[in-house]
Amino acid sequence: MVTTERVVLLDDDGAPVGSELKSAVHSEHTPLHLAFSCHVLNPAGQVLVTRRSLHKTTWPGVWTNAFCGHPQPDEPSEEAVMRRARDELGLTLRQLRLELPNFRYRAVDASGIVENEVCPVYVAVTKDEPIVNPYEAMEARWADGNALGQALRYAPWAFSPWFVEQADEMPLYAALAARSARDDVTWP
């Protein structure tokens with residue numbers, strides 16, 4: 001899918017230094033740029049996970065947090081989060097809060113494409129059921145928090161690297177990891 005979306009390029013200190021077409025930025029030499037990530041809960045406390053579309057440049061077909069995206073130049077991050085929730089999953093969010101304001105990561109996909117982002121992490125609640133945009137996600141599932149915590153701990157390779165790193169820093173998942181650590185199996 002051809003897009004005219006732009007990403008905000010950043011210097012090493014995280015200050016904006018320009019913008020570039022999203023389609024031109026992600027490569028083996030991806031410059032540092034601004035993004036965001038959002039974790040979504042339903043009123044029952046289940047966590048939304050999505051499986052990235054096979055159309056994605058990086059980590060196609062991999063399970064991840066609800067959604068990610070890039071604010072457009074001069075677009076407040078909170079507005080970008082709300083826009084992407086609607087566009088990617090048909091969700092209306094409430095109780096949006098910034099959980100990890102300084103999250104930053106760099107990861108290399110098996111194809112050699114690099115993600116290199118300053119990526120504030122948000123948590124929100126929705127009453128909606130996801131309606132996936134097939135260019136963004138191929139599946140969406142509500143997961144039991146304890147089961148998801150165990151999966152992140154025992155099979156991190158099955159998830160996007162940013163999801164694993166974010167979950168490790170978030171109280172929501174820290175409690176889950178602690179619970180699953182107490183349930184370790186001891187092999188004879």
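The values are calculated or read from the model by the stated rules, or taken from the named source; none is laboratory data. The model shown is predicted, which means the values in this text are computed figures rather than measured ones. Backbone-built Cβ (ideal geometry, glycine too); neighbour counts: all protein chains shown. Calculation scope for accessible area: heavy atoms of the full protein, side chains included, ligands and nucleic acids excluded. Shrake-Rupley method; radii C 1.70, N 1.55, O 1.52, S 1.80 Å.
Results for (1) modelled with pLDDT of 95 or more; (2) open to solvent by 20 Å² or more (accessible area, probe 1.4 Å); (3) farther than 30 Å from residue 146 by Cα; (4) touching a Cys at 6+ places or on another chain (Cβ under 7 Å), shown as yes or no for each residue.
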{"site": "2", "(1), (2), (3), (4)": "no, yes, yes, no"}
{"site": "12", "(1), (2), (3), (4)": "yes, yes, yes, no"}
{"site": "40", "(1), (2), (3), (4)": "yes, no, no, no"}
{"site": "69", "(1), (2), (3), (4)": "yes, no, no, no"}
{"site": "82", "(1), (2), (3), (4)": "yes, yes, no, no"}
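Residue-wise test of (1) in contact (Cβ under 8 Å) with a residue 12 or more places away in the chain; (2) open to solvent by 40 Å² or more (accessible area, probe 1.4 Å); (3) part of a loop (DSSP other than H, G, I, E, B).
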site: 17; (1), (2), (3): no, yes, no
site: 24; (1), (2), (3): no, yes, no
site: 27; (1), (2), (3): yes, no, yes
site: 51; (1), (2), (3): yes, yes, no
site: 60; (1), (2), (3): no, yes, yes
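Are any of the residues in segment 53-62 among the charged types (D, E, K, R) and out of contact with any strand residue (DSSP E or B) (no Cβ under 8 Å at 6 or more places or on another chain)? Before the answer, list the steps.
Let us first name the residues in segment 53-62 that are among the charged types (D, E, K, R), namely 56.
Filter again for out of contact with any strand residue (DSSP E or B) (no Cβ under 8 Å at 6 or more places or on another chain), leaving 56.
Among the residues of segment 53-62, at least one is among the charged types (D, E, K, R) and out of contact with any strand residue (DSSP E or B) (no Cβ under 8 Å at 6 or more places or on another chain), which makes the answer yes.
Just give me the residues in segment 127-145 being more than 22 Å from residue 173 (Cα to Cα) and not in a loop (DSSP other than H, G, I, E, B), in sequence order.
Result: 137, 138.
Residue under question is residue 122, and the condition is that it be in contact with a Cys (Cβ under 9 Å, 6 or more places away or on another chain) and either open to solvent by 10 Å² or more (accessible area, probe 1.4 Å) or on the phi < 0 side of the Ramachandran plot (or both); does it hold?
Spelling it out, residue 122 is indeed in contact with a Cys (Cβ under 9 Å, 6 or more places away or on another chain) and either open to solvent by 10 Å² or more (accessible area, probe 1.4 Å) or on the phi < 0 side of the Ramachandran plot (or both).
Could you look through segment 148-173, keep only residues that are of a type in the set (Gly, Ala, Ser) and crowded, with 22+ Cβ neighbours inside 10 Å, and pick out the one that is modelled with the highest pLDDT?
At the first step, the residues of segment 148-173 found to be of a type in the set (Gly, Ala, Ser) are 149, 151, 155, 158, 160, 167.
Narrowing further to those that are crowded, with 22+ Cβ neighbours inside 10 Å: 149, 160, 167.
Values: 149: 79, 160: 97, 167: 90.
Only one residue tops the list, namely 160.
Given (1) under 17 Å from residue 52 (Cα atoms); (2) within 13 Å of the chain's Cα centre (by Cα); (3) among the small types (Gly, Ala, Ser), where does residue 167 come up short, assuming only one miss?
Tallying (1) under 17 Å from residue 52 (Cα atoms); (2) within 13 Å of the chain's Cα centre (by Cα); (3) among the small types (Gly, Ala, Ser), residue 167 fails exactly one: (1).
Of 115, 99, which residue is farther than 18 Å from residue 9 by Cβ and either touching a strand residue (DSSP E or B) at 6+ places or on another chain (Cβ under 7 Å) or small (Gly, Ala, Ser) (or both)?
99
Just give me the residues in segment 29-49 being more than 21 Å from residue 126 (Cα to Cα), assigned to a loop (DSSP other than H, G, I, E, B) and aliphatic (A, V, I, L, M), in sequence order.
At the first step, the residues of segment 29-49 found to be more than 21 Å from residue 126 (Cα to Cα) are 29-35.
Now restrict to residues that are assigned to a loop (DSSP other than H, G, I, E, B): 29-32, 35.
Selection gives 32, 35.
Could you say which residue among 84, 97 is under 25 Å from residue 18 (Cα atoms) and basic (Lys, Arg)?
84 is the lone residue from the list that is under 25 Å from residue 18 (Cα atoms) and basic (Lys, Arg).
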